[in-house]
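Visitor: Would you mind keeping the following structure in view while I ask a few things?
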Amino acid sequence: MKKRPKYTAAIIGTGRIGFSLGLDKKREQPASHTMAMLAEKRIRLIAGCDNDPVHLDDWHRYYGRGIIYSSYAYMLAACNPEIVVVAVNESAHLETALAVIRSRPRLLILEKPVALTMKDGLKIADTAAKYNVPVMVNHERRFALDYAVAKSYMSKVGCIQNVTAELDSGLRVYSSADELTGAYSLLHDGTHLVDIVCFLLGQKNNQTDESTAKRSILYDPLITSVYYDENVPSVVRNVSVHFESDICPDVTIRISGRSSYFAFGVDVCGTAGRIRIGNGYAEFYRRAESKLYTGFYSLVPDEKVKIPKKTCYFSNMIKNAVDYLDGKAPLKSTLQDGLEDLDILEQIRALLQEKL
């Protein structure tokens, strides 16, 4: 007899990350919350919600077995799902997350970033604690197999000398005019950049106690360079930020909003090895006797490292959520992780505001 799925789930937000990226033939699939949940046998997706009728109709045409709602308040009251995914725009995170938490699901999966501001993020955290609702934040690279390999390789590169993380796109880095929407890359994609640096440098892969206060891995940010839009001086197009860290003496995060391409990557340089990893590549190097110079050592590709063909970033996220509910594993990306990222981003934003 076929086993019935253990957990019911519903999704709020059936746009790109909620649904339609799962139809992109170039992306590694599943690439959206809907597709990842449909592929997980322990989940039964029962409802979808969006205030955009086009997104909702597209979702329902693809998955006709889910009930559709234009109001999440009505959906939460009617369905009482055990897992709720919130995949709405950043500006709606606070209101939507609070409503979901008050409905007391067994797990809230919240898209990154946690909220527009740290103040809003802490409201979500306080409410989650009050209603005893665990929150997973979808920092997808924490679940990706290639980054898991990089995490395990960190111990082989020796003492960490420097880390450089870079994001390149055409989206403005920061604009005060967009603070209410979050439509700037420092918040939208910079969240991923900050989070994966914290993940790689962190002593633990996860934290099970979201109330535990600890010093951030990155602190005391210093803007080393900033470039403003040529036509709109109040818009930041490039920024480089240096951080202090107890783990590495030199951490630099660079975000470009002037590029005609999208790129994301991290370079970790140690005393005995190196890791270069990003969108579409993963390279691991070890110290070996040089073939170029007598009496010297060089870095060579470590051929013993097995790089996975698929990262399984989205399917592993959903699997971790269900494993958590089964009592088999802690959450790999917690609300506390998301708040630490948001705090770092807010410090950068404050420095940029001082310069404008």
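Visitor: Only helices at least 24 Å long along their own axis, judged from Cα atoms, and with Kyte-Doolittle mean hydropathy of -1.0 or greater: name those in the chain from DSSP H.
Guide: Long hydrophobic helices here: 335-355.
Visitor: Once you've got the Cα coordinates, tell me which of Lys151/Lys319; Lys112/Lys304; Lys26/Lys309; Lys26/Lys328 are over 26 Å apart. Please list the in-between numbers first.
Guide: Numbers: Lys151/Lys319 19 Å; Lys112/Lys304 34 Å; Lys26/Lys309 15 Å; Lys26/Lys328 33 Å.
Cα-Cα > 26 Å for Lys112/Lys304; Lys26/Lys328; rest within.
Visitor: Among residues other than Ser70 whose Cβ falls under 13 Å from its Cβ, what is the net charge (Lys/Arg +1, Asp/Glu -1)? Don't skip to the end; give the middle numbers.
Guide: On the way: positive: none; negative: Asp50, Asp52, Asp57.
Neighbour charge sum, excluding Ser70 itself: -3.
Visitor: If you stretched the chain out fully between Ala183 and Glu289, how much longer would it get, using 0.36 nm times the residue separation minus the C-alpha to C-alpha distance?
Guide: 33.3 nm
Visitor: Have a look at Arg102, Arg65, Arg274 and tell me which one the Gaussian network model of the chain (Cα, springs below 10 Å) gives the largest fluctuation.
Guide: Arg65
Visitor: Accessible area, 1.4 Å probe, largest first: how do Ser290, Ser91 sort?
Guide: Ser91, Ser290
Visitor: Around His139, under 14 Å between beta carbons, what's the net of Lys plus Arg minus Asp minus Glu among the other residues? Mind showing how you got there, number by number?
Guide: Numbers: positive: Lys112, Arg141, Arg142, Lys151, Lys332; negative: Glu111, Glu140, Asp189, Asp195, Asp337, Glu340, Asp341.
Net charge in that neighbourhood comes out at -2.
Visitor: Here's another thing I want to ask about it. Would you mind checking which residues have amide H under 5 Å from Glu40's amide H? H placed 1.01 Å from N; only 5 or more apart, or other chain.
Guide: none
Visitor: Next up: Got a sec to turn the phi values of region 8-19 into Karplus ³J(HN,Hα) couplings, 6.51 cos²θ - 1.76 cosθ + 1.60 with θ = phi - 60°, whole Hz, x for Gly and Pro?
Guide: 8, 9, 9, 10, 10, x, 10, x, 5, 6, x, 8
Visitor: I'd like the accessible area for Leu171: 1.4 Å probe, protein heavy atoms, all chains in place, Å² to the nearest 10.
Guide: Roll a 1.4 Å probe over it and Leu171 shows about 50 Å².
Visitor: Checking the cross-link filter: which aspartates and glutamates have an alpha carbon closer than 18 Å to that of Lys156, excluding same-chain neighbours under 8 positions apart?
Guide: Straight-distance partners of Lys156: Asp146, Asp267, Glu283, Glu289, Asp302, Glu303.
Visitor: If you take the Cα atoms of the chain, find Rg, then find the Kirkwood Rh from the mean of 1/r over all pairs, what is Rg/Rh?
Guide: Expressed as Rg/Rh, it is 0.98.
Visitor: Per the 1.4 Å probe, what fraction of the accessible area of the chain, in percent, lies on carbon and sulfur atoms? The partial results should precede the final answer.
Guide: Details: 8720 of 17380 Å².
Accessible surface attributable to carbon and sulfur in the chain totals 50 percent.
Visitor: Continuing with the same structure: What is the list of residues in region 134-170 whose amide nitrogen lies under 20 Å from a point 7 angstrom out from the Cα of Lys306, following Cα to Cβ?
Guide: Residues 143-156 qualify, since their backbone N sits under 20 Å from the label point.
Visitor: Right, something else. Restricting to Cα pairs below 8 Å that are 6+ residues apart, what does the relative contact order work out to for region 3-59? Please round to a whole percent.
Guide: Answer for region 3-59 is 44 percent.
Visitor: How are the C-alpha pair distances of region 71-140 spread across 10 Å bins, as whole percents from the shortest bin up?
Guide: Reading the bins upward from 0: 22, 59, 18, 0.
Visitor: Follow-up question, since we're still on this one. Calculate the translational D of region 1-152 in whole µm² s⁻¹ from Stokes-Einstein, where the hydrodynamic radius comes from the Kirkwood formula applied to all Cα pairs, the temperature is 25 °C and the viscosity 0.890 mPa s.
Guide: This corresponds to a translational diffusion coefficient of 154 µm²/s.
Visitor: Also, quick follow-up: Just round it to a whole percent: the fraction of Cα-Cα distances in region 316-356 exceeding 16 Å.
Guide: Of all Cα-Cα pairs in region 316-356, 53 percent lie more than 16 Å apart.
Visitor: Pairs of alpha-carbon atoms within less than 8 angstrom and 6+ residues apart define the contacts here; what relative contact order does region 210-296 have, in percent?
Guide: With pairs under 8 Å counted, the relative contact order is 16 percent.
Visitor: May I pose another question? Using Cα-Cα distances under 8 Å and only pairs 6 or more residues apart, what relative contact order does the chain have, in percent?
Guide: Relative contact order here is 19 percent.
Visitor: Taking every eigenvalue of the Cα gyration tensor of region 142-185, multiplying by 5 and rooting it, what semi-axes result, largest first, whole Å?
Guide: Semi-axes (√(5λ), whole Å): 33, 14, 9.
Visitor: Counting residues in region 90-248 as N, plug N into 2.2 N^0.38 Å and put the Cα Rg over that result.
Guide: Dividing the Cα radius of gyration by 2.2 N^0.38 Å gives 1.15.
Visitor: I've got another one for you. Ordering Tyr324, Tyr74 from largest to smallest accessible area (1.4 angstrom probe), what's the sequence?
Guide: Values: Tyr324 75, Tyr74 145 Å².
Correct descending sequence by accessible area is Tyr74, Tyr324.
Visitor: Something else about it: Across region 233-356, how large is the tail of the calculated P(r) beyond 17 Å, expressed as a percent of all Cα pairs?
Guide: The proportion of pairs with Cα distances above 17 Å equals 76 percent.
Visitor: Give the percent of DSSP beta bridges with both residues in the chain that are antiparallel, rounded to the nearest 5.
Guide: Looking only at bridges with both residues in the chain, the antiparallel portion is about 60 percent.
Visitor: May I ask you to compute the full-extension gain from Phe296 to Asp229, defined as 0.36 nm times their residue separation minus their alpha-carbon distance, rounded to one decimal in nm? Before the final figure, lay out the partial values.
Guide: Working: separation 67, 0.36 × 67 = 24.12 nm, distance 4.59 nm.
Extending this stretch completely gives an extra 19.5 nm.
Visitor: OK, next. Sum -39500 (n - 2.57) across every DSSP H segment of at least 4 residues in the chain, then divide by the residue count to get the 222 nm mean residue ellipticity, nearest 500. If you can, show how the numbers build up before the last one.
Guide: On the way: 10 runs with 108 residues, N = 356.
Calculated mean residue ellipticity at 222 nm is -9000 deg cm²/dmol.
Visitor: Now, a different point. Assign one of three labels to region 165-316, namely rounded, prolate or oblate, based on the Cα gyration tensor with a ≥ b ≥ c the square roots of its eigenvalues; rounded applies when a/c is under 1.5, prolate when it is not and a/b is larger than b/c, and oblate otherwise.
Guide: Working: a/c = 1.79, a/b = 1.50, b/c = 1.19.
Since a/c reaches 1.5 and a/b is larger than b/c, the shape of region 165-316 is classed as prolate.
The values are calculated or read from the model by the stated rules, or taken from the named source; none is laboratory data. These figures come from a predicted structure and were not determined experimentally. All Cβ positions, even for glycine, are placed from backbone atoms using ideal geometry, and neighbour counts span all protein chains on display. Each accessible area value is taken on the protein alone, full model and side chains, heavy atoms only, with ligands, DNA and RNA left out. Shrake-Rupley method; radii C 1.70, N 1.55, O 1.52, S 1.80 Å.
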